[in-house]
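The values are calculated or read from the model by the stated rules, or taken from the named source; none is laboratory data. Everything numeric in this text was worked out from a predicted model, so none of it was measured. Glycine also receives a Cβ, built like all others from the backbone with ideal geometry; neighbour counts cover every protein chain displayed. Calculation scope for accessible area: heavy atoms of the full protein, side chains included, ligands and nucleic acids excluded. Shrake-Rupley method; radii C 1.70, N 1.55, O 1.52, S 1.80 Å.
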Amino acid sequence: MTTGLKNPSSYYIEIITTFPPRPITCEAELIATQNRIDSILSRRNLTQDDRDYLNVLGTLVYDYEQKCEPMPVLKGIALLKALMIEDNIQEKDLVDIFESDFFVSEVINEKRELTASQIKKLATFFHLSPMAFLEYN
């Protein structure tokens, strides 16, 4: 026996036997793994064995997503739109940055580019680097 490793409990053996953790190679396996994670998370009292197993499954999901589903890099107005959706921000919430409803709408509809002043204010508002709002950097 290797030192430093503890013997798994019978419960842990049961959960890894029911749904053995294996590298994810396709979308169907990803969905099955996410469903398994959801079913465990829906329980009221998670044991340390549950948390350890979730950690393994989460690592497998992360590895697959890093390899097969890289996150797109959003910049400029595309980033602004995504942040607005994520933070549930309305155009009216950005009037102080753009100085009028009209300018907010123009930028969001990509009829007007962001100015340096707007970029600085957006960076402060969203707690990001101003570089994130530059289209090309």
Surface per residue (accessible, 1.4 Å probe) for the stretch 18-118, Å²:
67 Å²
Starting from the residue with the highest accessible area, list VAL61, VAL95 in decreasing order, probe 1.4 Å.
VAL95, VAL61
5 angstrom amide H check on LEU134, placed H, neighbours 5+ away
GLY76
Of the heavy-atom accessible surface of the chain (probe 1.4 angstrom), what whole percent is carbon and sulfur?
55 percent
Consider all pairwise Cα distances in the stretch 38-90 and report the whole-number % of them above 17 Å.
60 percent
Along the charge dipole of the chain, pointing to its positive end and built from +1/-1 on Cβ of Lys, Arg, Asp and Glu, which listed residue (GLN118, SER129, LEU79) has its Cα farthest out?
SER129
Give, in nm to one decimal, the length gained when the segment between GLU135 and ASN88 is fully stretched (0.36 nm per residue of separation minus the Cα-Cα distance).
14.6 nm
Enumerate the residues in the stretch 75-108 having an amide nitrogen under 16 Å from the point lying 7 Å beyond the Cα of HIS127 toward its Cβ.
83-84, 86-89
With the cut-off at 15 Å, report for the stretch 69-137 the share of all Cα pairs above it, as a whole percent.
49 percent
What are the ³J(HN,Hα) values, in whole Hz, obtained from phi via the Karplus relation 6.51 cos²θ - 1.76 cosθ + 1.60 with θ = phi - 60°, for each residue of the stretch 76-89 in sequence order, with x given for Gly and Pro?
x, 5, 4, 5, 4, 4, 5, 5, 4, 5, 4, 9, 6, 9
With a bin width of 5 angstrom, please list the P(r) values of the chain as percents of all Cα-Cα pairs, from the 0 bin to the one holding the largest distance.
2, 8, 14, 14, 9, 8, 8, 10, 10, 8, 5, 3, 1, 0, 0
Could you give each residue of the stretch 41-46 its phi-based ³J(HN,Hα) in whole Hz, using Karplus coefficients 6.51, -1.76, 1.60 with θ = phi - 60°, and x for Gly or Pro?
5, 6, 6, 6, 10, 7
